[in-house]
Amino acid sequence: MGYRFSLVLSREITDEESAVLREAGCSAAVFGTGSLPANAEVNVTSMDFDDTVSPTLAVAIESALEAVKEVPGLSVPGLTVPVQPAGPADEEPKVVAGEVIEEVAAEVIEEVAAEVIEEVAAEVAGEVAAEVAGKKPAAGKATARKSAPRKKAEITAGSD
């Protein structure tokens, strides 16, 4: 697997133009026809690449664009590049001090995560213990005490 990308050409090309593109460096491209996304009435040719020769994605795309310039009146209104690895697929993982970087990174992440979990658990346990030990209830919380009932005074009208 190499660098994958697609070019949408400005129009549908002829067999002769296809031969020119193949000779100009697009021999591995897969040609297809379709329409412009913005205008379904315009038929265009698309070129799908899976470049296993170029050292970088940028070099692969630039090579394809240079090949298109070999056909008079042809341009590239569309380029699609799907998500892909940062480097060539056949590249071996980097090794540091005899260990594969990905494995070392995973171990470090696990250790840090375990430390963070322990610290958070200790903080939460301390807060819960303080609440249970009888610290003042938080503002706005109801208490278990009941207020004493108020006595009503009777008012009597005197007769004079």
Item to check | Residues with amide H under 5 Å from that of GLY78, placed H, sequence gap 5 or more | outcome: VAL8
Checklist outcome for this item: Computed D for region 3-80, Stokes-Einstein, Kirkwood radius over alpha-carbon pairs, 20 °C, 1.002 mPa s, to the nearest µm² per second, is 172 µm²/s
Item to check | region 3-80 - percent relative contact order, Cα under 8 Å, separation 6 or more | outcome: 46 percent
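Every number here is computed from the coordinates shown, using simple stated rules; none is lab data. No experiment lies behind these values; they were computed from the predicted model shown.
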